[in-house]
Amino acid sequence: MLGACLVLGCAISSFAYRRQDGDRFQAPIFVFAITAATISGLAMDVNANIVMLALIPWALCGAMVLSTGIHWFLRRYSRGNFSRTYCCELGEKGVLVGQ
């Protein structure tokens with residue numbers, strides 16, 4: 001059980017760290033998932049151990065999928081709405097110049 005918790009914790013931490021710059025909805029989605037899992041566990045009148053060891057990990061896995069899906073959806077369907085910025089451009093002699 002400890003090994004599974006450590007693997008899940010490392011996976012969530014890695015996901016959150018890698019995507020924190022590009023996904024502005026990540027933190028609210030994670031907070032919503034944890035809150036919803038806790039409230040639903042309390043509403044079902046289950047033991048706190050079940051909430052911590054079963055509901056919250058599944059909610060966090062769902063939050064990672066939802067966060068990725070929302071980020072993909074926004075990136076795919078709002079391409080024309082935002083101006084594109086490039087890291088470099090062509091200079092006078094046709095050479096790439098950084099900005």
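Which one is nearest to residue 13 (Cα to Cα), of the residues in segment 23-51 that are aliphatic (A, V, I, L, M) and under 19 Å from the mean Cα position of the chain (by Cα)? Please lay out each step first, then the result.
First, pick out the residues of segment 23-51 that are aliphatic (A, V, I, L, M): 27, 29, 31, 33-34, 36-37, 39, 42-44, 46, 48, 50-51.
This time we only want the ones that are under 19 Å from the mean Cα position of the chain (by Cα), so: 27, 29, 31, 33-34, 36-37.
Working: 27: 12, 29: 15, 31: 14, 33: 15, 34: 15, 36: 20, 37: 19 Å.
Among those residues, the one meeting the criterion is 27.
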Here is a list of conditions, (1) surrounded by 13 or more Cβ atoms within 10 Å (Cβ to Cβ); (2) of a type in the set (Val, Ile, Thr); (3) more than 14 Å from residue 67 (Cα to Cα), and residue 7 meets all of them except one; can you say which number that is? (1)
Within segment 1-59, work out how many residues are closer than 18 Å to residue 72 by Cα, part of a helix (DSSP H, G or I) and in contact with a helix residue (DSSP H, G or I) (Cβ under 8 Å, 6 or more places away or on another chain). 6
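Bear in mind that the values in this text are calculations on the coordinates, not laboratory data. Worth saying up front: this structure is predicted, and the values here are computed from it rather than measured. In this analysis, Cβ positions are derived from the backbone assuming ideal geometry, glycine residues included, and neighbour counts consider all displayed protein chains.
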